[in-house]
Structures are given as C-alpha cells and as structure tokens.
Amino acid sequence: MIALDNRLKTAAEFCREGKIAADIGCDHAQLACYLAQNKSRFVIASDVRDGPLEAARRTVAEQSVSNVKVVKSDGLKEIEFADDVIICGMGGELIAEIISGCRFLNSDTRFILQPMTKPDFLRKWLYDEGFEIIEERAAFDAGKCYSIMYVGYTGERRTVDELFALTGKMTDRAYLQRVAEKLLKNAAEIEKSDKFRDRAAVLREMADMILKEETQ
C-alpha cells in the first residue's frame, strides 16, 4: 500500500470516490497508485518525460494495480477525459497553461491544484477564465507550506482583488501568517525607495487585514 506525504495526501483527499482521475506530471505515480487503491475507479498517470514514466511503470507493477494507465503527454494534450484532474508540484503559470488546453472541460470537471510558485497568479487566472475555487487547504512538508486548491468550472469570468489572489479561500492560520509576513518583508524592502512608498503602504494594509482576519 502506498504511503503519501502530507502534500499529496491532502490532494488525494479532494479526489472523488469512483471517478476517473488524471495525475498530470505523475513523477513516480505514487499518487496515481494510491488513488487506484483507495478512491478512483480508473487513473491516468501522465508525464512528458521518459524518466518519470519508467519510474511510474515500475511503481504500478510493484503495487500490482490494474486500473492505472501510464501515458506520455505534454500536459493534457493526450488525455481524452477525466473527472478529476490533479496537477501538483508545478509553477502556477505552468498549471494555468495546462488547464487552458483542457478539451473535456464541463461543469462536473474538478481540478486539484498544488502550485509550487505563484499561487496568487493562479488564483487570479482561474477566476479570469471562468473557474472557481470551491475549497482550499494547506499542507506542510519539510518546513514548507503548500496550498492545495479544489477547483470547478462555472463559465462565469470574474475579477478578484489582490488580497483574494494572495489568500484565496485559505483559512489555515499558519499559511495566512506566512503570507502576511512575506507582505511585510516586501514592504520593508521597497520602503527604502521614496518612489514606492505608496506601494509599501498598500502591502502593509493587506498584511494587517490578513492578520486581523486570521485572529478572528
């Protein structure tokens, strides 16, 4: 039986029972095999690189799972259909690019997203393109804090403000504290220049709002 780290385990918790899942950028296919063993009816484990695909095939063989298919695909290009699409461990901009190429998008499609960088960019992009964050959770591994987003498609394009882009629907206090600390650090840096004092004030105001919300 596969044992997942906190980051991937949190992502797996969002996947629905009895659905078809696609793990994009599957690496060793640990998440794919875990889902096949515990939740999903069928799992597509895909990667664009040959090395991870070979490792994925070994994991599938070792775990003796028959409901995982390993596929070479650049993002979603070779994926015909999935109910749940999992994209973990990539930058926010790359995740957005991959989702934009989805050919089977409908109101029941769910995306489980874990950006390594630029989660604020990804949140804003999602709403700009007609998606909605249904729920968001934090996961902690090796001293790092990650956001895992559970996303659906509504078709309604909306513009979110900068504060929402930074925090989304996250309620985890430790995650919000880190966001606020980063804002204060950035404010302190740009305050060294008189030219950007107004921007520094905006960052400090957002940090105060996050900390105030976090303590309520």
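The values are calculated or read from the model by the stated rules, or taken from the named source; none is laboratory data. The model shown is predicted, which means the values in this text are computed figures rather than measured ones. Using ideal geometry, Cβ is built from the backbone for each residue, glycine included, and neighbour counts are taken over all protein chains shown. Ligands, DNA and RNA are excluded from the accessible area calculation, which covers all protein heavy atoms including side chains. Shrake-Rupley method; radii C 1.70, N 1.55, O 1.52, S 1.80 Å.
Out of region 191-207, which residues are part of a helix (DSSP H, G or I), open to solvent by less than 90 Å² (accessible area, probe 1.4 Å) and of a type outside the set (A, V, I, L, M)? Step through it out loud before you land on a result.
Step one: filter region 191-207 for residues part of a helix (DSSP H, G or I), giving 194-207.
If we keep only those that are open to solvent by less than 90 Å² (accessible area, probe 1.4 Å) too, we end up with 200-204, 206-207.
Correct list: Arg204 only.
Here's the yes/no breakdown for (1) open to solvent by 20 Å² or more (accessible area, probe 1.4 Å); (2) outside any loop (DSSP other than H, G, I, E, B); (3) over 17 Å from Thr117 (Cα atoms); (4) not basic (Lys, Arg):
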site	(1), (2), (3), (4)
Arg158	yes, no, yes, no
Phe164	yes, yes, no, yes
Lys185	yes, yes, yes, no
Glu189	yes, yes, yes, yes
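Here is a check on your reading of the model: is Ala138 assigned to a strand (DSSP E or B) and either surrounded by 17 or more Cβ atoms within 10 Å (Cβ to Cβ) or of a type outside the set (Phe, Trp, Tyr) (or both)?
Criteria met by Ala138.
Of all residues in region 15-26 being touching a Cys at 6+ places or on another chain (Cβ under 9 Å) and not β-branched (Val, Ile, Thr), which is farthest from Glu136 (Cα to Cα)?
Selected residue: Gly25.
Considering only residues that are part of a loop (DSSP other than H, G, I, E, B) and open to solvent by 10 Å² or more (accessible area, probe 1.4 Å), which ones fall in region 112-133?
Pass one, region 112-133, residues part of a loop (DSSP other than H, G, I, E, B): 118, 129-130.
Matches in region 112-133: Lys118, Glu129.
Does Asp74 qualify as being of a type in the set (Asp, Glu), open to solvent by 20 Å² or more (accessible area, probe 1.4 Å) and in contact (Cβ under 8 Å) with a residue 24 or more places away in the chain?
Values: of a type in the set (Asp, Glu): yes; open to solvent by 20 Å² or more (accessible area, probe 1.4 Å): yes; in contact (Cβ under 8 Å) with a residue 24 or more places away in the chain: yes.
Yes; evaluated as a whole, the condition is true for this residue.
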